[in-house]
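To keep things clear, I will list the structure first and then write my remarks on it.
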Amino acid sequence: MDILYGLGHGFGVALQPQNIVWCFLGCFLGTVVGILPGLGPAATIAILMPLTLNMDPAGGIIMLAGIYYGAKYGGSTTSILLNMPGESSSVVSCIDGYQMALKGRAGAALGIAAISSFIAGTVGIVLLTLVAPAVARFALSFSSPEYFALMVFGLSLVVLLSGASLLKGLLALLVGLWLSTVGIDLFTAQSRFTFGRPELLGGLDFVVIAIGVFAIAEIMTTIQNRAEGRLIPVPKGFRNLLPSWEELKASRFAFVNGSITGFVIGVLPGAGSAIASFIAYGIEKAVSKRKEMFGHGAPEGLAAPEGANNADTGGALVPLLTLGIPGGGTTAILLSALILWGVRPGPLMITESPDIFWGLVASMYVGNVVLLLLNLPLVPAFAQLLRVPKWVLFPVIFGLAIIGAYSVSGRIFDVELLAAFGLLGFLMAKLGFPSAPLILGFVLGDAMERALRQSLMMSQGDITSLFQRPISLTLLIGAAIILILPMVGFINRFRVRAISEGA
Amino acid sequence: MKLSSLFAPALAVAVGLAAIPAAQAQFVPNRPLEIAVHAGPGSGNDVFARALISVIEANNLSPVRIQVANKPGGGSTTAAAYVASKAGTSNTLGVFTNIWITDPLVSAEATNPLSSMTPLALVIREPGLIAVKADSPYQTLGDFIEAAKAEPGKLSQSGGSVLARENVLRQLIMMETGADWQFISFPSGGERLAALLGGHVDLMIVEPGEAAEQVRSGAMRVIAAVSEERLPTFPDVPTLTEAGLNVPNLPQIRGIVAPPGMPAEAVAYYSDMIRQATESQQWQDYVSENGFEAAFTTPEETSAFVAEYTEQLAGILEAAGLEIVKR
């Protein structure tokens, strides 16, 4: 009853006309920055934060949070249309989303992304509403060995992301793991693989690598294959721009999977939404009856990760609002905004600032509806983008890619790196190396290494500590099963046949 | 000093007219002022810079617009290189902290030590609080140190980089008492806090603002204050000295640095601007709300402080086993 009463009170706050306006404005801005690669929600919120200080705190946090979850909606757009992930959580959406666009289902892909985002985003908030305090305790029980096991589990998904050659997938993964070690090591303050370049001290940026090996490499491959004249078909008619009933039906498990996986992983302060979307994709493919479709435009292969990265927002707010612990860059900024308004997030927030807590939660229900209404009508418009002739579209993508890389930290060095990674991605594509494992290794490698070293320090060098904790043991066994199964000869032949039949 | 000798003729005239501020009036910024910050939007330094800017603007202390330039990467290295690249100009400043001193000590790639630029002013010092989980068996810092002596290496502390103050302080306490415990690095403040509240580490050093809510909600207990005097917000918590430790109180500082070779008039102008901002009521409210200590210094005092503090930190890091590549 307390929850219903609180939520009712929250809707009283969220449905005040000015707060609906703030919510709409936040969602709109979020969608825009989500679409633009390079400009992220964290920077946008930080820039707008001083302007909100004179606002009513409830309206202010409603708007800033709208930017946060709105950006997740927008993030998939460039992944699907241009194979250009704007943030780490939308990388996985490239895999099947872009393939759908190549098959003329761009509108359907955008539609599925929006619907999946809506469903999972809403489920994430329902879970935030109902189980926040209990789940917060679960988040705190996760220590470094569990994080290590979670990252290993994520890395084992390389098996499912590799395509025909597992060996090539593993090699790409190793390159990704190596790239994640570049920069100053937090534990020793030593620089690794920086070759004396101060620009490399901070490590490589995800946006630069992902745009390079996905978007730039894709353009170069297409240009080289010009003789084939591969044009992306965009069917006419409004009906063909929306997901078909079959596509939605194929995604029905993905909606659930993405919602739950995204929320559970989102709750963990040290995990991040990229791993949530990778694991949701892995689960989806592992249980699918048509694994061969994945990587060739399976709608459920888009719906699962897209859902996961939206449910992740609801999860990430759990430790922030109930424990005062921010899980990532964007939630850390929301925390500083709340503190500037004089609201202290923590166990006492629900009882002491019910207007803010319940107002924010209720506004997120409203916000998800706003985002669906905002995004669905845009689908046909965005899908038309692919009608633009290539001699216009490609330079525009190049321009966007360069702006995205440059805006990471305003250095031309990142643009040079972008060119290098574009070339690497092109060569990998030519030689049949998949690029998703490279990104997987890069995104998870740093966190995995850190968690391993933390675990070993905590246990004073005793590696068995990793296997003595139930959650980490379970995850490590799961990873071992996923890794070993395809190595067993006949299963692997079966797997290869299934994939080549699909291709 | 070189600055004052360059400045002397103008100063003589100005003193003759009995109006020292006239010397400052010679320089007025005519382009937007940029303040470089070594961390991303929303980080402590970013919030600090934006707070300072809003106070300057609220008091009409700057005729031009001021904006933050976020230059993250390599600790302070990218931002320091950026400020250094503006040598001789008068439209860029930077926010410096302790790592602007420590990064160049241990990293060969960090080629712009604070002493090679123009340190303008210290603005605040941040006290720290040594905290344990609320149900921890350690009631005092002494309890923790005894336990860390009894089982060397078994207890642990969560923190950030090994160069951060929290680790330097740990080294000092270990050297002073002979105790031994681990320092486990976590990249974000949230993860450090989660590790403590989850009971996975035994100790951490937190900012007073961050600790207040956790203490009030009964999740955390504070056992010592890293400050010269007891903090007004935590009057019952003893300082390190009161806890019986003979270790220097290493301040966590935030200050403003200018590029190398900024013209003396501009240096004087900005120093004066920062002084006026820090004297305002809004700034004093900001400082006390966050549990900081005001610490305004002149450019000369700041340079002297930086030189002395660099030597002190280099000595401690070296004793802790880090390789000092240059001083």
Original post:
Roughly speaking, what is the centre-to-centre gap between the range A:40-64 and the range B:101-173 when only Cα atoms are used, to the nearest Å?
Top reply: 32
Subject >> MRE, 222 nm, helices only [DSSP H, n ≥ 4, -39500 (n - 2.57), over the protein assembly as shown, to nearest 500] >> reply: -19500 deg cm²/dmol
Subject >> Longest site-free stretch - chain A; sites: trypsin sites (Lys or Arg not before Pro), DSSP loop, at most 11 other Cβ within 10 Å >> reply: A:1-235
Subject >> Pairs beyond 19 Å (Cα-Cα), from A:LYS249/A:LYS285; A:LYS103/A:LYS390; A:LYS168/A:LYS390; A:LYS103/A:LYS289 >> reply: A:LYS168/A:LYS390; A:LYS103/A:LYS289
**OP:** Would you be so kind as to identify all helices of chain A, as entire DSSP H runs, whose Cα atoms reach 24 Å or more along the helix's own axis and whose mean Kyte-Doolittle hydropathy is at least -1.0?
**Re:** A:17-35, A:57-82, A:106-141, A:299-323, A:354-375, A:390-409, A:412-430, A:436-458
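Under a Cβ-Cβ cut-off of 13 Å, what is the net charge of the residues other than A:ASP462 that fall near it, where Lys and Arg count +1 and Asp and Glu count -1?
Surrounding charge for A:ASP462 is +2.
Using a/c under 1.5 as the rounded threshold, could you call chain A rounded, prolate or oblate? The axes a ≥ b ≥ c are square roots of the C-alpha gyration tensor eigenvalues, and prolate needs a/b larger than b/c, oblate otherwise.
Note, shape of chain A comes out rounded.
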Original post:
Measuring from centroid to centroid over Cα atoms, what is the spacing of the range A:426-491 and the range A:275-292 in Å?
Top reply: 17
Original post:
What order do B:TYR270, A:TYR406 take when sorted by accessible area (1.4 Å probe), most exposed first?
Top reply: A:TYR406, B:TYR270
Subject >> Lysine pair number, Cα distance threshold 24 Å (strictly under), chain B, separation 8 or more or different chains >> reply: 6
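Quick check for me: using +1 on Lys/Arg Cβ and -1 on Asp/Glu Cβ, what's the dipole size of chain B about its Cα centre, in debye to the nearest 20? Present the calculation step by step, with values, prior to reporting the outcome.
Numbers: 20 positive and 34 negative charges, 171 e Å.
Computed charge dipole of chain B: roughly 820 debye.
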Original post:
Taking the Cα centre of the range A:2-502 as the origin and placing charges on Cβ (Lys, Arg +1; Asp, Glu -1), which of A:SER277, A:VAL388, A:GLY328 is farthest toward the positive end of the dipole?
Top reply: A:VAL388
**OP:** Using Cα pairs closer than 8 Å and at least 6 residues apart in sequence, work out the relative contact order for chain A, in percent.
**Re:** 29
**OP:** For B:ILE35, tell me the accessible area in Å² from a 1.4 Å probe, rounded to the nearest 10.
**Re:** 10
**OP:** On a C-alpha basis, how far is the centre of the range A:308-354 from the centre of the range B:245-296 in Å? Whole number, if you could?
**Re:** 30
Subject >> Surrounding net charge for A:PRO85, when Lys and Arg each add one and Asp and Glu each subtract one, Cβ distance under 15 Å >> reply: -4
**OP:** Quick one: grab the alpha carbon gyration tensor of the range B:44-134, order the square roots of its eigenvalues as a ≥ b ≥ c, and give me rounded if a/c is under 1.5, else prolate or oblate depending on whether a/b is larger than b/c.
**Re:** oblate
**OP:** Compare the Cα positions of A:THR313, A:SER88, A:GLY26 along the charge dipole of chain A (+1 at Cβ of Lys, Arg; -1 at Cβ of Asp, Glu; about the Cα centre) and return the one farthest towards the positive end.
**Re:** A:SER88
**OP:** For the protein assembly as shown, give the share of DSSP beta bridges that are antiparallel, in percent and rounded to the nearest 5; count only bridges with both residues there.
**Re:** 60
**OP:** Specify whether the C-alpha gyration tensor of the range A:348-457 places it in the rounded, prolate or oblate class, a ≥ b ≥ c being the square roots of the eigenvalues: rounded for a/c under 1.5, otherwise prolate if a/b is larger than b/c and oblate if not.
**Re:** oblate
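Order B:GLU289, B:GLU210, most accessible first, counting only protein heavy atoms with a 1.4 angstrom probe.
Values: B:GLU289 130, B:GLU210 70 Å².
So the residues, ranked largest to smallest area, are B:GLU289, B:GLU210.
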**OP:** Just reorder A:PHE11, A:PHE214 by solvent-accessible area, largest first, 1.4 Å probe, all chains present.
**Re:** A:PHE11, A:PHE214
**OP:** Please give the helix B:2-16 orientation as an angle from the longest Cα principal axis of chain B, in degrees from 0 to 90, rounded to the nearest 10.
**Re:** 50
Subject >> Among B:GLY199, B:GLY128, B:GLY255: highest mean-square fluctuation, GNM of chain B, C-alpha pairs under 10 Å >> reply: B:GLY199
**OP:** Between beta-carbons, use under 11 Å as the cut-off and find the net charge around A:ARG344, counting Lys and Arg +1, Asp and Glu -1.
**Re:** -2
Original post:
So how much accessible area does B:VAL287 have, in Å² to the nearest 10, using a 1.4 Å probe?
Top reply: 10
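The values are calculated or read from the model by the stated rules, or taken from the named source; none is laboratory data. This is a predicted model, so every value here is computed, not measured. FYI the Cβ positions are ideal-geometry reconstructions off the backbone, even for glycines, and counts take in every protein chain you see. Please note that ligands, DNA and RNA were not included when accessible areas were found on the heavy atoms of the full protein model with its side chains. Shrake-Rupley method; radii C 1.70, N 1.55, O 1.52, S 1.80 Å.
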